[in-house]
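Values in this text are rule-based calculations from the coordinates and carry no lab data. Model, not experiment: these values are computed from the prediction. Glycine also receives a Cβ, built like all others from the backbone with ideal geometry; neighbour counts cover every protein chain displayed.
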Amino acid sequence: MPTISEKGRQMPASPIRKLVPYAEAAKKRGTHVIHLNIGQPDIKTPQVALDAVRNHTIEVLAYSMTEGSEIYRGKIADYYAKNDISVNASDIIVTTGGSEALAFVMGTIMDGDDEIIIPEPFYANYNGFATAAGVKVVPIVSSIDSNFALPPIAEFEQLIGPKTKAILICNPGNPTGYLYSKEEIQQLAKLVKKHNLFLIADEVYREFAYDGREHYSILQESGLENHAVMVDSVSKRYSMCGARIGCLVSRNKEVIQTALKFAQARLSPPTFAQIASEAALDTPKSYFEAVISEYVERRNILVSELQKIEGVKVAVPQGAFYCVAELPISNSDDFAQWLLEKFEMDGATVMVAPAAGFYASEGLGKNQIRIAYVLEQEELVKAVRILGAALKEYTN
């Protein structure tokens, strides 16, 4: 029998989706599964985006431009201008989700065996993108005790070597919900300039900043024109995960020209999804005000309920819609599977994402879970109460 590649063997399974078969089996048994495991917002997609697709007049569904519609890219640039980010359409490549943008960045700036430093815990698929590109992830640990703040710059310095090409952050963070401050971004900016590295920022949760805090983009920092590469997406901002439209943004012309060659290899981003995404840019500010208000209430309820459970430690999110909770258990993978296979309360159980898959360092996160608070408040309260009851019954 022919063998698969070593790269294929090394490709990590998603910690978010690998428990799906157990969840489906639970549902078939008649158990109501409350999904805390995946960042699929229940907020309605803006009507203006849905109407743009419904009311189209296209008669031939043709290829779009490889870099995305020029009109759409111009409108994206206008959107960024409103967020104090000065770029133009030629600095933007429209991608099939933020995921493709990250894959393009890896291919554009890194060769096999090059290294990328990422604060952990981090979005699990960063491991997958790095594996696919033959790139080595060098993790730097952030701690729940500091709410997952940026690790000290001195620790970054110790990890930088001849193979280091970039530092990657997610701001606000998935899975932590941490929002990097302007001062932290400036520390990283100084570091990448000193060592001639790229600074990549996944900013797909930009709108979701809480408690009066403001998001500060790497593209707002002067002097990073040749260093900064930003990844973005409509998925979370407009509750349009299924549109699969994102973008790669950089003022570094060589980065854009090289990434465009990777984009040409996949021909073009989807036309209808671009139409919806372009229309979504006309979403009124009141939409975000209502959404952010709702997420703040959900966060407050979730954190408050979790803090009532003996032995649970929780980081308080400052943005996005995730939090990491540390549980009084030794193996959250086993616990998450046990919840789906063997536990229910009043006909319901919960599905969580074990946090070990969000770390690259072996052994870390094994007593932690990620919770996505993308459910109505009443359902969140019910889910945490089920979690609390399960912890009393579960034996490590």
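Dividing the alpha-carbon radius of gyration of region 99-140 by 2.2 N^0.38 Å (N being the number of residues), what value is obtained?
Details: Rg = 9.3 Å, N = 42, 2.2 N^0.38 = 9.1 Å.
The reported ratio for this selection is 1.03.
What FRET efficiency comes out for Q158 versus S286 if R0 is 35 angstrom and r is the Cβ-Cβ distance? Round to the nearest 0.05.
Numbers: r = 47 Å, r/R0 = 1.34.
For R0 = 35 Å, the calculated efficiency reads 0.15.
In nanometres, what is the gap between the two model label sites at I43 and E6, each 7 Å from Cα along Cα-to-Cβ?
That separation, rounded to one decimal, is 4.5 nm.
Separation between the V381 and Q307 pseudo-spin-labels, each 7 Å from Cα along Cα→Cβ, expressed in nm?
For the pair V381/Q307, the computed spacing is 1.7 nm.
Can you compute the helix-only [θ] at 222 nm over the chain? Use -39500 (n - 2.57) per DSSP H run of at least 4 residues, normalise by all residues, nearest 500 deg cm²/dmol. Don't jump to the answer; show the numbers that get you there.
Details: 13 runs with 152 residues, N = 396.
So the helix-based figure for the chain works out to -12000 deg cm²/dmol.
Taking a ≥ b ≥ c as the square roots of the eigenvalues of the Cα gyration tensor of region 7-131, is the shape rounded (a/c under 1.5), prolate (a/b larger than b/c) or oblate? Spell out each step's value before the answer.
On the way: a/c = 2.01, a/b = 1.21, b/c = 1.66.
Oblate shape, in that a/c is at least 1.5 and b/c is the bigger or equal ratio.
If the reach is capped at under 18 angstrom between alpha carbons, list the lysines near K261, excluding any in the same chain fewer than eight residues apart.
Filter leaves K253.
Rounding to the nearest 20 debye, state how big the charge dipole of the chain is about its Cα centre with +1 on each Lys and Arg Cβ and -1 on each Asp and Glu Cβ. Intermediate results must be reported in sequence, preceding the final value.
Values: 39 positive and 48 negative charges, 104 e Å.
Magnitude of the dipole: close to 500 debye.
Subtracting the Cα-Cα distance from 0.36 nm times the residue separation, let me have the gained length for A389 to S181 in nm, one decimal. All intermediate terms of the calculation are to be shown ahead of the outcome.
On the way: separation 208, 0.36 × 208 = 74.88 nm, distance 3.69 nm.
So the chain would gain 71.2 nm between A389 and S181.
Leaving out same-chain residues fewer than 8 places away, which aspartates and glutamates sit with a Cα under 20 Å from that of K28?
K28 reaches E341, E344, D346.
In whole Å and largest first, what semi-axes does the C-alpha gyration tensor of the chain yield when each eigenvalue is scaled by 5 and square-rooted?
Details: eigenvalues 216, 132, 92 Å².
Over the Cα atoms of the chain, the ellipsoid semi-axes are 33, 26, 22 Å.
Quick one: Debye curve from the alpha-carbon atoms of region 285-359 only, equal weights, vacuum; give me log10 I(q)/I(0) at q = 0.12 Å⁻¹ to two decimals.
Debye curve over Cα of region 285-359, log10 I(q)/I(0) at q = 0.12 Å⁻¹: -0.44.
State the antiparallel share, in %, of DSSP beta bridges confined to the chain, rounding to the nearest 5.
Numbers: 19 of 41 bridges.
Taking every DSSP beta bridge within the chain, about 45 percent pair in antiparallel fashion.
Count neighbours as other Cβ atoms within 10 Å of each site's Cβ, and list the trypsin sites (Lys or Arg not before Pro) in region 249-316 that are DSSP loop with at most 14 such neighbours. Spell out each step's value before the answer.
Values: sites: R251, K253, K261, R266, K285, R298, R299, K308, K313; in loops: R251, R266, K308.
For trypsin sites (Lys or Arg not before Pro) across region 249-316 that sit outside H, G, I, E and B with at most 14 neighbouring Cβ atoms in 10 Å, the list reads R266, K308.
Would you please name the GluC sites (Glu not before Pro) within region 206-266 that are DSSP coil residues with at most 15 other C-beta atoms within 10 Å of their C-beta? Please report the intermediate quantities before stating the final value.
Values: sites: E207, E214, E221, E225, E254; in loops: E207, E214, E221, E225.
Within region 206-266, the qualifying GluC sites (Glu not before Pro) (loop, at most 15 other Cβ atoms within 10 Å) are E214, E225.
If I stretch the segment between D145 and I71 completely, what's the gain in nm (0.36 nm per residue apart, minus their alpha carbon distance), one decimal? Show your work: numbers first, answer last.
On the way: separation 74, 0.36 × 74 = 26.64 nm, distance 4.58 nm.
Roughly 22.1 nm would be gained on extension.
Would you kindly state how much longer the chain becomes between I58 and K82 on full extension, computed as 0.36 nm times their sequence separation minus their alpha carbon distance, in nm to one decimal? All intermediate terms of the calculation are to be shown ahead of the outcome.
Working: separation 24, 0.36 × 24 = 8.64 nm, distance 3.05 nm.
Additional length available on full extension: 5.6 nm.
In nanometres, what is the gap between the two model label sites at S361 and A25, each 7 Å from Cα along Cα-to-Cβ?
If labels sit at S361 and A25, their model points lie 3.4 nm apart.
Mind listing which chymotrypsin sites (Phe, Trp or Tyr not before Pro) in region 63-123 are in a DSSP loop and have 16 or fewer other Cβ atoms within 10 Å?
Numbers: sites: Y63, Y72, Y79, Y80, F104, F122, Y123; in loops: Y63, F122, Y123.
For chymotrypsin sites (Phe, Trp or Tyr not before Pro) across region 63-123 that sit outside H, G, I, E and B with at most 16 neighbouring Cβ atoms in 10 Å, the list reads Y63.
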